[in-house]
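For reference, the structure discussed in these notes is given below.
The values are calculated or read from the model by the stated rules, or taken from the named source; none is laboratory data. All figures in this text were calculated on a predicted structure; none of them were measured in a lab. No Cβ is skipped: glycine too gets one built from the backbone with ideal geometry, and neighbour counts run over all protein chains shown.
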Amino acid sequence: MAPPSGSAAYKKKDGTLTMSQDCQSISWIPAAGGATGTITLPVAQITNLQQTPASNPKVMLKIFVLPPNAPENSPEQYVFNFTAGTNARTEADAIKDALSAAIQAAKTAQAAPTPPPAPATGEGMSTAMAFASAVSSKSTWDDDKRLKGDVELQQSLLKSDPNLQRMFMESLHTKPDTLTAGQFMSQFWSTRIHLLRAHAIERSQTRGSYNVLSTLKPRVEDNVTKLNISKEQIQLIFNQHPLVRRVYDENVPKLSEAQFWSRFFQSRLFKKLRGERLSETDATDAILDKYLQADEHGNLPRDAHVPNFLDLEGNEVNNSQRRGNRPDLDMRWSAPDKVPIIRTLNSLSEKIMANVAAADGDPHAPAGMDEDTYNEIQLRDLLGDEEANLVPLNIRDQSRFFSAQTKDSEDEQNRLFAQQDPEKILSDLRREIDQNLPDDGTAPLGRLVEPDEFGDDEKKNNQQPGSRASLQKSSGQILDAIRDRRAQTDVSSTTGTYGLSSSLYDRLTLTHATTTEFLHQFWQAFLSGNPDRAGELSSLVDSLHRAMERIKAVTQDAEAERQVEVDRRKRHAREVLEATGKKPRLNLTSIQGGEKAVHQLMGPTIQALETAQAKYKAALAEEMKEASGQ
Amino acid sequence: MKFFIDDLPILFPYPRIYPEQYAYMCDLKKTLDAEGHCVLEMPSGTGKTVSLLSLIVAYQMHYPEHRKLIYCSRTMSEIEKALAELKALMKYRTEQLGYTEDFRALGLTSRKNLCLHPSVRREKSGTIVDARCRSLTAGFVKEKKEKGEDVELCVYHENLDLLEPHNLVPPGVFTLDGLLKYGEEHKQCPYFSARRMMPFCNVIIYSYHYLLDPKIAERVSREFSKDCIVVFDEAHNIDNVCIESLSIDITEDSLRKATRGANNLERKINEMKSSDAEKLQNEYSKLVEGLREAEQAREEDQFISNPVLPDDLLKEAVPGNIRRAEHFVSFLKRFIEYLKTRMKVTHTISETPPSFLTHVKDLTYIERKPLRFCAERLTSLVRTLELINIEDYQPLQEVATFATLVSTYDKGFLLILEPFESEAATVPNPVLHFTCLDAAIAIRPVFERFRSVIITSGTLSPLEMYPKMLGFTTVMQESYSMTLARRSFLPMVVTRGSDQAQISSSFQIRNDPGVVRNYGNIVLEFSRITPDGIVVFFPSYLYMESIISMWQGMGILDSIWNYKLILVETPDAQESSLALETYRTACCNGRGAILMCVARGKVSEGIDFDHHYGRAVICIGVPFQYTESRILKARLEFLRETYRIRENDFLSFDAMRHAAQCLGRVLRGKDDYGVMVLADKRFQKKRTQLPKWISQAMLESETNLSTDMAVATAKNFLRGMAQPFKAKDQDGISTWSLADLERHRQKQTLEEERVRREALDNGHGTNGAANGGAAAADEFDDDIDDDLMMLDAQ
């Protein structure tokens, strides 16, 4: 079906009114003058339609258009007068029907967020609008899939977090070849959704706007008043004062940009927007003064529901039969135009906070008090401390994870103690005290500290306090402690890197990070129980192997590095010997680093790798057995 | 927690209690036991309402009398808060007791706030809502409908007739919002539901004027028995409310409209004469019998409340010369014409009601007696004529009310005619003020009728002022101090700017640029150091407007914009509400904001700025009343002559109660904190007039600060407040657990015992003659305790 059209006059010029093919706009093309005078009205911006009644011989269609960012109550109006004589009514009806259908469609479509058509003014969407649309499509950070797929967001996160970036690059380079880059990315990010989400939220948070007119201060240089204004400031002025945008829009081609602003900042309009009272002596401006009458404040939401706790209006009408003398002279209000600043302050603050969710609930929500409102009047400190809302995390059989460490003799001892029955020990102790301590309260101190252990076959341990052996033991302990202390306060370059050179240490941390990453991915895949991921799993096991190899490589390098140091010292000692004939004491154990340090640092990781591989093998064997059994 | 005061078990809906709450409840109970009145000043934000409700509900439920509670508050916001607290209390009681008690509590506010009718509720003015509501709900309208006439009825109101009249809403507590919701769900009128359920409620929460407006109060007395407990909460301003309820202004404009109303009435009477003369005749014969008989229509059909009428007047027949409708209307017209001629005078006149009446009689031969019946007679006529657009007769009603009031009271009232708006004005705009000077007149019936009236607020100092002004005696007067584990609020008096020039809002220097700049600097400096919200109170609208304009010119506002958003209370209540919401949003959001409002204005009543909504409150200047006002001067004279209250004492008392009220807005609970700045050099001498709990917290060294010193002190204070403060830090000091409470009671009992024994010993020791007295005292030791308590209280 061809889109309806009809011959219609606009502003007494003949032309044709046509609906566009996609029903997204309606345009009027003048009969004379070509396309220059064309008016195109997007359907989405049309707020109202009016048509002359059928009884009226004149056929006119009035279209109300509200351009985006224009104040709510000032739609532009276009009146088209249909000129096709007897045919006019049918043409007008056809267009009107098509148009109202299109508007209906556009309105329903708007319920689902569609980006508003770019404003014709070309000033770009205001930040307020951008924010609002971000809010309306709030699922950006709720939707895990979108977060995972948003490469741009990921890049920006990596850029802001160098550690993460290094880990990412390292993992990417060392990933198993069987893993495609895409798979790797999705795996890498799937474990870091929370970081992405936090970053997305962080990025969407913008600094709130401020009252821009109050920050603009002209300064005098060489007897010339100067004022600098940035692009951002202009944009803010347009946002906070739609009127200025309108004035700018309507006048700037005529005036130059600079002219416009210099006139604006000296005009009465500027004073008015700042809320200052106008005086007779203020300079007049032929162009800008025309806009003085325009009302900036008409756009406030008028029928908002205010919670009863704050409802000043409700308080005022609480007693409808109020009597009493009128208030004293100083308690009466002046006319609003006498003190324009007050309304200006409020409307500006309201505009600045317009994008923020209201603290007192949705003003448009139906009446009714919710729990929060009541909570506000509670006395919080009488309620007592809130109980911490913790989720207990139970780890069963923790010893499994640390079984490798129990080789340590100390742990052995601990285990020995752990096996004993505390009750028995206590009763033994009590019995011993009863036996050994005389009733008169005098007791040999030594026996208290190291009581004779009757019947104990470990007689060799039986040392007297103050004996040489125990003295040695205690001095050894003290020296150990001092050494530890010194090691901790040591400020040599290798502190904190456990004797490894910083480049090697960096390599080690990276290796560690990537290994952890692969382990992470492995366990995720392994524990997912998803048979489809078996292939992925085997490739991950490969990368675990390689991780192990990388650790080994680092270990070797570290050992080599240490060897270099050892050689250097030996050489030095030799040189000293040659030069002085004295043999310096060579303390090779004081050289830290090397294989030992790496093992010390990577021990848990290596264990974890081994465990993972063992688990995988066991599971694989099981799987094989089952497969062969079938 | 559950505890006992004497034999009364109290369920308190929190696991802890403030010591002052406990003391407050003990004193309340003593008052109720003694069936007397009391004045109690409880620090702001220490849970006055919840203590009051817990005790009184416990009292109601425990003792067989089940004394009803009439709880009056100032504003709808406060009514709603009290209802919400009561609702939570009853929920807690149900949980603790394991069953739901048979209990009803409802709140009442104007029709405007409770209307559900789709078109009536949209009306902006409360009077129009009232009038339109009556035209849809009056009895005669319904009769007309039943006769088949085409009149509109309100479906929400009609549905009430389908319900059981004593069970329009289920038992329980309804907040105003809750009632609206319930009304919407069940399609029934919330206003009339609440109104008609009043007699069946255990607790009623509404505003002062339902008790203070004499005519409504008269009706109330029929509904409520003498042993009702009446509470006036936030009662620091009660004298002004009393006065307001009996004062009236008449302007030339209202007289013009009144004439129009009288002409309309005349026309209606003629219409009715031709169509339904019988009705008028009926009315006439009823009026012969007396007004009380005439008043048989349902109470909500009442035209407008009428001023108080002495009892004998109601029984008397209406004077013959105004009994006929047409006679009455011409009588009214004559009176209006008289008033019009009085308005033509170009010099100020103030005269007493008797002198006015004499003048009326001399000029128009209008006697006092028919004037007294004016209001009632008009009500009756309007009802007989079945008028619907009642709002047209509002000015006429005002004139009639004025006539009744002026002819009823000889003392305590004054007529002031002001021909010019201000001293400087040249075009006359006359206003006839009929002003009540004696707050006791409106509240007297309340004290006479009810045995226990409780006057309570956060700021009632000096306590003895209220019994004096309102003409009653108390059994208990108490001001509680605030126990604090840390200094949680910082009251300061700033007397000088940073330039050491004195600051004050006194009329001589208030518009001095130096003073204005210094005030601006205080606000600016505090906006720099205070987190979240700051509230600034000005002494009057006029001063606020001028000072804000001057600040704008000086660039001070521009600097404040760097730290906070700025919001201002405006003449339009709705606009102010929106500003308030924006303010709260900015406080929550972290942006921070300053709210500028007026100490006696809309925002200062019933709106709280607790926690982050108000970390600092700045009182710019002492909020004195406009001292040039003739009405105020007349009242001061009256107070001096009648109650021996000196002018300056009253002015200063009045200013300080409003200042204290502003300061108290920023606290709720003891974990809350805030800076309180009193910026005027005159505060330095007046600080003793602040309530005990504020003046005790004010250090001597902080009563004469300059701006920079105050800012440094506040900075320190705020830093201290930012340190973690856990509930357990104040356990046992400023909050009590049940165990602490028990310990306190034991100590108290021991102490009482000791005091009694000492008194006894002393009696024995000093002379033998006292023995008899002591022995007697022994028998009535409870009385002695009470006496001792009273001594403590004094």
Open item on the list: Of the conditions (1) crowded, with 18+ Cβ neighbours inside 10 Å; (2) within 11 Å of another protein chain (Cβ to nearest Cβ); (3) over 22 Å from the mean Cα position of the chain (by Cα), B:GLN625 satisfies every one except a single condition; which number is it?
Closed with: (3)
Task: Residues that are without any contact (Cβ under 8 Å) to a residue 60 or more places away in the chain and over 36 Å from the mean Cα position of the chain (by Cα), drawn from region B:727-739 - done: B:LYS728, B:ALA739
Open item on the list: Restricting to region B:429-450, count the residues that are more than 14 Å from chain A (Cβ to nearest Cβ) and among the hydrophobic types (A, V, I, L, M, F, W, C).
Closed with: 5
Open item on the list: Criterion first (facing chain B (nearest Cβ under 7 Å), modelled with pLDDT under 75 and buried (at least 20 other Cβ atoms within 10 Å of the Cβ)) does A:MET369 satisfy it?
Closed with: yes
Task: Residue, surrounded by the fewest Cβ atoms within 10 Å (Cβ to Cβ), within region A:282-319, restricted to residues that are small (Gly, Ala, Ser) and modelled with pLDDT under 75 - done: A:GLY298
TODO: Taking the residues in region B:659-695 that are aromatic (Phe, Trp, Tyr) and in a helix (DSSP H, G or I) as candidates, determine which candidate is surrounded by the most Cβ atoms within 10 Å (Cβ to Cβ).
DONE: B:TRP693
Task: Count of region B:96-111 residues which are among the basic types (Lys, Arg) and within 14 Å of chain A (Cβ to nearest Cβ) - done: 1
Open item on the list: I'd like to know if region B:71-87 contains one or more residues that are at the interface with chain A (Cβ under 8 Å from one of its Cβ atoms) and among the small types (Gly, Ala, Ser).
Closed with: yes
Open item on the list: Which condition from (1) assigned to a helix (DSSP H, G or I); (2) free of Cβ contacts under 8 Å to residues at least 24 places away in the same chain is the one that A:ARG585 breaks?
Closed with: (1)
Open item on the list: Restricting to region B:548-580, name every residue that is of a type in the set (Phe, Trp, Tyr) and either under 15 Å from A:PRO340 (Cβ atoms) or at the interface with chain A (Cβ under 8 Å from one of its Cβ atoms) (or both).
Closed with: B:TRP551, B:TRP561
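Conditions (1) under 21 Å from B:GLN21 (Cβ atoms); (2) among the acidic types (Asp, Glu); (3) not in a helix (DSSP H, G or I), marked per residue:
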residue	(1), (2), (3)
B:ALA697	yes, no, yes
B:ASP708	no, yes, no
B:ALA714	no, no, no
B:LEU718	no, no, no
B:PHE725	yes, no, yes
B:ILE733	yes, no, yes
B:ALA739	yes, no, no
B:ARG743	yes, no, no
B:GLN746	yes, no, no
- [ ] Just need a number here: residues in region A:236-274 that are within 29 Å of A:PRO336 (Cβ to Cβ) and either at pLDDT below 80 or out of contact with any Phe, Trp or Tyr (no Cβ under 8 Å at 6 or more places or on another chain) (or both).
- [x] 17
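In region A:238-281, which helices (runs of 4 or more DSSP H) lie fully inside it and hold 2 or more residues that are among the basic types (Lys, Arg) and surrounded by fewer than 20 Cβ atoms within 10 Å (Cβ to Cβ)? Spell out the reasoning first.
Values: elements: A:242-251, A:257-266, A:268-274.
Filter on region A:238-281 gives A:268-274.
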Task: Subset of region B:1-26 [hydrophobic (A, V, I, L, M, F, W, C) and assigned to a helix (DSSP H, G or I)] - done: B:ALA23, B:MET25, B:CYS26
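For (1) more than 19 Å from A:SER502 (Cβ to Cβ); (2) in the same structural domain as A:TYR616 (by the TED database); (3) among the β-branched types (Val, Ile, Thr), each residue gets a yes or a no:
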| position | (1), (2), (3) |
| --- | --- |
| A:TRP523 | yes, yes, no |
| A:SER539 | yes, yes, no |
| A:VAL554 | no, yes, yes |
| A:ALA558 | no, yes, no |
| A:GLU561 | no, yes, no |
| A:THR580 | yes, yes, yes |
| A:GLY594 | no, yes, no |
TODO: Would you confirm whether any residue within region A:197-211 is more than 20 Å from the chain's Cα centre (by Cα) and surrounded by 13 or more Cβ atoms within 10 Å (Cβ to Cβ)?
DONE: yes
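Counting only residues that are without any contact (Cβ under 8 Å) to a residue 60 or more places away in the chain, give me the helices (runs of 4 or more DSSP H) lying completely in region B:192-285 with at least 2 of them.
Qualifying helices (runs of 4 or more DSSP H): B:214-223.
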- [ ] Would you be able to say whether some residue in region B:23-34 is of a type outside the set (A, V, I, L, M) and closer than 21 Å to B:LYS81 by Cα?
- [x] yes
Task: Counted residues, region B:411-429 - those being without any contact (Cβ under 8 Å) to a residue 12 or more places away in the chain and of a type in the set (S, T, N, Q) - done: 2
Task: Residue tally, condition within 7 Å of chain B (Cβ to nearest Cβ) and either farther than 16 Å from B:SER549 by Cβ or of a type in the set (Phe, Trp, Tyr) (or both), over region A:333-361 - done: 9
Task: Selection from region B:136-176 of residues that are hydrophobic (A, V, I, L, M, F, W, C) and without any contact (Cβ under 8 Å) to a residue 24 or more places away in the chain - done: B:LEU136, B:VAL151, B:LEU153, B:LEU162
Open item on the list: Which of the numbered conditions does B:LYS2 fail, given that it passes all the others? Conditions: (1) modelled with pLDDT under 95; (2) over 20 Å from B:PRO691 (Cα atoms); (3) within 14 Å of chain A (Cβ to nearest Cβ).
Closed with: (3)
- [ ] Determine if region A:94-102 includes at least one residue that is modelled with pLDDT of 75 or more, farther than 30 Å from A:ARG246 by Cβ and surrounded by fewer than 14 Cβ atoms within 10 Å (Cβ to Cβ).
- [x] yes
TODO: Starting from region A:413-441, take each residue that is at pLDDT below 75 and list its partners that are outside any helix (DSSP H, G or I), counting only C-beta distances under 7 angstrom and pairs at least six apart or across chains.
DONE: A:ASN436/A:PRO451; A:LEU437/A:ALA443
Task: Within region B:220-243, considering residues that are farther than 19 Å from B:ILE205 by Cβ and at pLDDT below 90, the one nearest to the other protein chains (Cβ to nearest Cβ) - done: B:ARG222
TODO: Please give the number of the condition B:CYS588 fails out of (1) within 7 Å of chain A (Cβ to nearest Cβ); (2) surrounded by fewer than 23 Cβ atoms within 10 Å (Cβ to Cβ); (3) touching a Phe, Trp or Tyr at 6+ places or on another chain (Cβ under 7 Å).
DONE: (3)
